[in-house]
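Data first, discussion second: the structure below is written as structure tokens.
The values are calculated or read from the model by the stated rules, or taken from the named source; none is laboratory data. Nothing here was measured: the structure is a model prediction, and the numbers come from that model. No Cβ is skipped: glycine too gets one built from the backbone with ideal geometry, and neighbour counts run over all protein chains shown. Only protein heavy atoms, including side chains, enter the accessible area calculation; ligands, DNA and RNA are left aside. Shrake-Rupley method; radii C 1.70, N 1.55, O 1.52, S 1.80 Å.
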Amino acid sequence: MTIKTNNIPKPRSDTKTNIRPFGIYIHWPYCKSKCPYCDFFSSVKKDIEQEKIISDYIEELKFYHQYTTDEKVSSIFFGGGTPSLIKPALIEKLITEITKLWKVKTDVEISLEANPNTDDGTLFLNLKTAGINRLSLGVQALNDTDLKFLGRTHNLHQALTSIDHVLNTFDNHSMDLIYARPHQKAKDWQKELEQATSFGFKHLSLYQLTIEESTVFAKKGITPLEEEQAVIMYEDTVSYLKSKGYPRYEVSNFATKEYECKHNKIYWQGDNYLGIGMGAHGRIQTTNKKIYATTHRCQLEELSPKERAEELLFMGLRLKEGINKTLYLNRCGIELEQYINTTAKQEMINLKLLKETNSHLRLTPQGFLVMNKVIEELIPQD
């Protein structure tokens, strides 16, 4: 059900001091080129009217502000697509508008995803001046052969140059890599991990290559690395990164507590956030406990408690600490025990794939290896 009225209550807060996180996601859907593995909402387009798009984004911010006036922004995230293509002056314009509309926490995290192919030598300094304080660099591979296979338009030299620029400009930074590439050897991935941990990034995001329908890889019949090898590679990755000071806090993300991504944790924990731009979506829970999705420009769509309960199950089990049962109830209005398949839950506990305490339900290390299957079993069948 799409809502277009102005009678929606304000978002709920956990306390009067509004300690519950609130994030704003800004989606930039354009790239210089489309990677063959990518199934995100993005496109390649020249002659983009950036000023017009940013003006539209500001109108969206103003629209959603009326439903979120009491929120205090804890994170802003520029994702895509390739948001490092946006002119830094326009990024600064968006950040300034957000600070005018909402109160902003003093330790606000303002992240932006960037590709090495947009680094002109001054980009990162200009982004920092614009207000970005956390930079996530999409490197994806640390050798030219696999960069070419993945359709990246930068080479290793460009990647290493950008890495230096990021590390010398920002205090908070992350790097993305893709592993379990077809025919990738464990020893070769280990060398990349050793190199990755030597740079000094505060955060690492490591994603297993999957072949999604409708992607170029799928159309070409590219097959992923054999599952058993990918599992071994993942286990070795988790173990090695932990030894190097990068503990796993989410299935694909590694960092110490201080440098965990505040914005992404908003998704996984079920907090309120806005999605601005084409392809973006958000979630707002109001004082009357109704949940709304921001799925299209300047529109709110009401979600049922069961729809939100399923989302929170998917998201919450991605975290190392798992699902906080009290927060789960607060976020969707349904107790976890009342929603999930309890028979399947007990079976998963017996198989040592899940662990349950009075306060949490979480995956075990073995459970992370088959996370999707565990979640599938926990979702009740209609």
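Just to be sure I understand, how many residues within region 84-109 are farther than 24 Å from Arg283 by Cβ, charged (D, E, K, R) and in a strand (DSSP E or B)? Number of matching residues: 0. Per this entry, Thr364 is counted among residues that are without any contact (Cβ under 8 Å) to a residue 24 or more places away in the chain and touching a strand residue (DSSP E or B) at 6+ places or on another chain (Cβ under 6 Å). Scanning region 26-70 for residues that are within 17 Å of Gly282 (Cα to Cα) and among the β-branched types (Val, Ile, Thr) yields Ile26, Ile58, Thr68, Thr69.
Among helices (runs of 4 or more DSSP H) entirely within region 332-382, having at least 1 residues that are closer than 19 Å to Trp268 by Cβ singles out 336-339, 365-369, 371-378.
Taken over region 284-311, residues that are in contact with a Phe, Trp or Tyr (Cβ under 6 Å, 6 or more places away or on another chain) and either buried (at least 18 other Cβ atoms within 10 Å of the Cβ) or part of a loop (DSSP other than H, G, I, E, B) (or both) amount to 4. In this structure, Ile132 qualifies as part of a loop (DSSP other than H, G, I, E, B), crowded, with 16+ Cβ neighbours inside 10 Å and either under 22 Å from the mean Cα position of the chain (by Cα) or basic (Lys, Arg) (or both). Filtered by the rule that a residue be at pLDDT below 95 and over 25 Å from Val166 (Cβ atoms), region 70-89 gives a lone residue, Asp70. Picking from residues in region 325-382 that are open to solvent by 50 Å² or more (accessible area, probe 1.4 Å), among the hydrophobic types (A, V, I, L, M, F, W, C) and under 25 Å from Gly282 (Cα atoms), the one that is farthest from the chain's Cα centre (by Cα) is Leu329.
The residues of region 32-83 that are among the polar types (S, T, N, Q), open to solvent by 10 Å² or more (accessible area, probe 1.4 Å) and not in a helix (DSSP H, G or I), listed by number, are Ser33, Ser42, Ser43, Gln66, Thr69, Ser74. Cβ-Cβ distances below 7 Å connect the following pairs, each with a first residue in region 311-335 that is more than 21 Å from Glu377 (Cβ to Cβ), a second residue that is among the acidic types (Asp, Glu), and a separation of six or more residues or different chains: Leu329/Glu335.
Reported count of residues in region 181-190, each being touching a strand residue (DSSP E or B) at 6+ places or on another chain (Cβ under 6 Å) and at pLDDT below 95, is 0. Please state which one of Leu193, Leu112 is modelled with pLDDT of 95 or more, outside any helix (DSSP H, G or I) and under 24 Å from Arg248 (Cα atoms). From the options Leu193, Leu112, the qualifying one is Leu112.
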